[in-house]
1. Just checking, how many residues over region 252-276 are open to solvent by less than 70 Å² (accessible area, probe 1.4 Å), under 21 Å from PRO19 (Cα atoms) and either assigned to a loop (DSSP other than H, G, I, E, B) or at pLDDT below 95 (or both)?
2. Using the structure shown, decide if ALA174 is over 21 Å from LEU24 (Cβ atoms) and modelled with pLDDT under 95.
3. Looking at region 277-298, which of the residues that are more than 20 Å from the chain's Cα centre (by Cα) and open to solvent by 10 Å² or more (accessible area, probe 1.4 Å) is nearest to THR192 (Cα to Cα)?
4. Can you give me the number of residues within region 41-56 that are surrounded by 15 or more Cβ atoms within 10 Å (Cβ to Cβ), over 13 Å from TYR111 (Cβ atoms) and not acidic (Asp, Glu)?
5. Please work out which one of (1) modelled with pLDDT of 95 or more; (2) more than 26 Å from PRO323 (Cβ to Cβ); (3) over 19 Å from the mean Cα position of the chain (by Cα) is the condition PHE138 fails and give its number.
6. Under 6 Å between Cβ atoms, which residue pairs at least 6 apart in sequence (or on different chains) link something in region 307-325 that is within 26 Å of GLU43 (Cα to Cα) with a partner that is part of a loop (DSSP other than H, G, I, E, B)?
7. Among LYS70, LYS103, LYS98, which is of a type in the set (D, E, K, R) and free of Cβ contacts under 8 Å to residues at least 12 places away in the same chain?
8. When you go through ALA20, ALA27 one by one, which is the residue that is modelled with pLDDT of 95 or more and over 28 Å from PHE64 (Cβ atoms)?
Amino acid sequence: MIDAAPAPTESMLATADRPALTVLVAAPRGFCAGVDRAIHIVELALERWGAPVYVRHEIVHNKFVVDSLKAKGAIFVEELDEVPDGVPVVFSAHGVPKAVPAKAEERGLTYVDATCPLVSKVHRQAERLVAQGCHILFIGHEGHPEVIGTFGQVPDGAMTLIETLEDAQTVQPADSSKLGFLTQTTLSVDDTADMVAELKRRFPAIEGPRGDDICYATSNRQQAVKAMAPRCDLVLVIGASNSSNSQRLREVAEREGARSYLIQRAAEIDWGWLDGVATVGITAGASAPELLVQEVIAALTERFTVSSENITSAVEEVVFKLPRALTA
């Protein structure tokens, strides 16, 4: 669905120093329900216990969000060993291995788990498949916190990582009669579908998840870019370089024929990118706040005579409950 902007007035018409530029803004974009919940958890923890509240790993992959929470009293660390005794700790939205909350309990730490409920669902599916005697082929990116967290739900050796279509074509499980597959929640929908199809072709009895593991927000944002990118000369994706879902948005835009760059905020725009560009698309990864989108649009408006359109492919109304420890 395309909502056209009003016709330009005479004062909006392009001039030599401010050329015309059409800006297409994708929707949905930016914060998903899991990210919004995780940020709110840190804020509520600061209200309840006061500063400092420690957070193991970035709560979400966005420097602006992390810096904003630091200013309120959150302290971010990579490992639980860096958390002093007697202070509360929050686990990030990406999920953690079982050993992390177990260690927190052993130390008597107060902790709140901000794992996205859709990631937690994958954790429970992994446990279920292993309990059934299956070896799991897990589609994801090595080293991503969500992958580390999911592998940490089951015994060592119970899962094999599949990163590419070639991996899916060549993996040789010890027992191909008892297999399951799961996926990271922030992957490319199209790439993952190809890998799943190959695993099902090679191992017809393989057991899949109950529903799609790739989260609704990842799918919706990719679909919005697919709808927008064919009309664009350039697509700007607002998000962090370590954000899997943001990187996938950039890749989707390029596959649809538009040059695409990942930026964290307006200051990172190389204005040479816009030479000869008539239409630019804007979207944001699930960890990027809307104010950074508006910052980019404002920066474009300073240099161009902008007419804008919203490209809407879905309406999201998902809300996740907060942990009882912060609402009781």
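1. Number of matching residues: 2.
2. Values: over 21 Å from LEU24 (Cβ atoms): yes; modelled with pLDDT under 95: yes.
Yes; evaluated as a whole, the condition is true for this residue.
3. From region 277-298, those more than 20 Å from the chain's Cα centre (by Cα) are 277-280, 295, 297-298; that's our starting set.
Okay, now just the ones that are also open to solvent by 10 Å² or more (accessible area, probe 1.4 Å), so 277-279, 295, 297-298.
On the way: VAL277: 32, ALA278: 33, THR279: 30, GLU295: 33, ILE297: 32, ALA298: 36 Å.
Checked region 277-298; the qualifying residue nearest to THR192 (Cα to Cα) is THR279.
4. Here is the first cut: in region 41-56, the ones surrounded by 15 or more Cβ atoms within 10 Å (Cβ to Cβ) are 41-46, 49, 52-56.
In the following step, the residues that additionally are over 13 Å from TYR111 (Cβ atoms) were identified as 43-44, 46, 52.
If we keep only those that are not acidic (Asp, Glu) as well, we get 44, 46, 52.
Of the residues in region 41-56, 3 are surrounded by 15 or more Cβ atoms within 10 Å (Cβ to Cβ), over 13 Å from TYR111 (Cβ atoms) and not acidic (Asp, Glu).
5. (3)
6. GLU316/PRO28
7. Working: LYS103 fails: free of Cβ contacts under 8 Å to residues at least 12 places away in the same chain; LYS98 fails: free of Cβ contacts under 8 Å to residues at least 12 places away in the same chain.
From the options LYS70, LYS103, LYS98, the qualifying one is LYS70.
8. Numbers: ALA27 fails: over 28 Å from PHE64 (Cβ atoms).
Residue meeting the stated conditions: ALA20.
The values are calculated or read from the model by the stated rules, or taken from the named source; none is laboratory data. Nothing here was measured: the structure is a model prediction, and the numbers come from that model. Backbone-built Cβ (ideal geometry, glycine too); neighbour counts: all protein chains shown. All accessible areas refer to the heavy atoms of the entire protein, side chains included, with ligands and DNA or RNA removed. Shrake-Rupley method; radii C 1.70, N 1.55, O 1.52, S 1.80 Å.
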